[in-house]
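Taking it in order: structure first as structure tokens, then the write-up.
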Amino acid sequence: MRIPTCLALVLLSTACGRELPSKEEIEDARVRVDLAVHAAHQARTALELLGLLPVYTCGEPRRTFVGKVTDGVQVQVACVTATAKALDDTSDEVVLSFPEAHCTVNGHTVSGQSAFIFQGGEERMDVFADLRRLKVDGESLEAKVGYGTCGDEKRFWTEAAGALPGRAGSSYSVNGRVGLRDNGLPLIGGTTLVFDGPAEVSGPLGTDHITLTELQYEVGEFLPKKGEALITTADGRRLRVTFSEVLWRVGKVEVEIDDKEPVTVPIVR
């Protein structure tokens, strides 16, 4: 009996399928992906705090805008206190103060204080904040955030680095960049955040180098619902991690170890 061409191709593809990774390789990948996801989560949390503030509208007087910032953030988060003051002719400061208990922001308990510095205005505005005086879910947030907008460049960023909360013996660094919409506004705030950038995780397994690409988060969810992470491990392996809406809902990700058959692994917050 002659096998139809399409069926023959399916059988050939199945017979010549890629090698499955071993149990040891899968467990090693799961641990490394877990660390990478937790590192990205630190950067994501910092950017969400930046997203509490409205983005500067080019051409508006800086101090008029700063007044809107203090009013707007207190409407958005009832438990925060926002105060503003002029630093000099070119800079203003907005201090956000969160109480020591029962202040929830995007599903996280936040306490402490941080100052956001606004410099310039009308033709160029730069905003910067050091968040290291804040605690999120009881852990210090080792991050800086900021943006520059108007003029030739629009950039929204975070630099997060330190000990990885909940993962003893591991440290991380992430340089995150927020994606921009077609109209130049950042993909930050509201219910969605999209960012990418390089990262590193160091610990008992050595130092892994990570490239995060268009991670899309929904407020209140730990895993990205879309995006990719490429991990070059300390021992030279390559892990390609794919985040998808199907797996995101059940707390799993797809991982391709080198050129072997992809597998799914669970990631626990």
Query raised in the report: If you check residue 221 against the conditions, is it open to solvent by 70 Å² or more (accessible area, probe 1.4 Å), within 10 Å of the chain's Cα centre (by Cα) and touching a residue at least 24 places away in the same chain (Cβ under 8 Å)?
Result: no
Query - Odd one out for residue 72, checked against (1) in a helix (DSSP H, G or I); (2) open to solvent by 10 Å² or more (accessible area, probe 1.4 Å); (3) closer than 21 Å to residue 196 by Cβ; (4) of a type outside the set (D, E, K, R) - result: (3)
Report task. Could you grab me the full set of residues in region 49-61 that are open to solvent by 30 Å² or more (accessible area, probe 1.4 Å) and touching a residue at least 12 places away in the same chain (Cβ under 8 Å)? Result -> 54, 55, 58, 59, 61
Requested in this report: Go through region 151-186 and give me each residue that's more than 30 Å from residue 234 (Cβ to Cβ) and buried (at least 19 other Cβ atoms within 10 Å of the Cβ).
Outcome: 156, 186
Report summary line: Of the residues in region 224-235, those that are open to solvent by 20 Å² or more (accessible area, probe 1.4 Å) and either at pLDDT below 95 or part of a loop (DSSP other than H, G, I, E, B) (or both) number 3
Report summary line: Filtering region 236-269 down to residues that are open to solvent by 50 Å² or more (accessible area, probe 1.4 Å), assigned to a loop (DSSP other than H, G, I, E, B) and either of a type in the set (A, V, I, L, M, F, W, C) or in contact with a helix residue (DSSP H, G or I) (Cβ under 9 Å, 6 or more places away or on another chain) (or both) yields 237, 250, 268, 269
Query raised in the report: Can you name the residue in region 15-41 that is open to solvent by 50 Å² or more (accessible area, probe 1.4 Å) and not in a helix (DSSP H, G or I) and, of all such residues, is farthest from residue 139 (Cα to Cα)?
Result: 16
Query - Contacts under 9 angstrom Cβ, first residue in region 88-112 being modelled with pLDDT of 90 or more, partner acidic (Asp, Glu) and part of a loop (DSSP other than H, G, I, E, B), 6 or more apart - result: 109/137; 110/137; 111/100; 112/100
Report summary line: Of the candidates 88, 92, the one satisfying the condition of being farther than 30 Å from residue 225 by Cβ and either in a strand (DSSP E or B) or of a type in the set (Gly, Ala, Ser) (or both) is 92
**Report entry** Tally, over region 197-209, of residues that are open to solvent by 40 Å² or more (accessible area, probe 1.4 Å) and within 17 Å of the chain's Cα centre (by Cα)
**Finding:** 3
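The values are calculated or read from the model by the stated rules, or taken from the named source; none is laboratory data. Just so we're clear, the structure is a prediction, and the values are computed from it rather than from any experiment. Every residue, glycine among them, receives a Cβ derived from its backbone with ideal geometry; neighbour counts consider all protein chains shown. Surface areas here come from the heavy atoms of the whole protein model, side chains and all, with no ligands, DNA or RNA. Shrake-Rupley method; radii C 1.70, N 1.55, O 1.52, S 1.80 Å.
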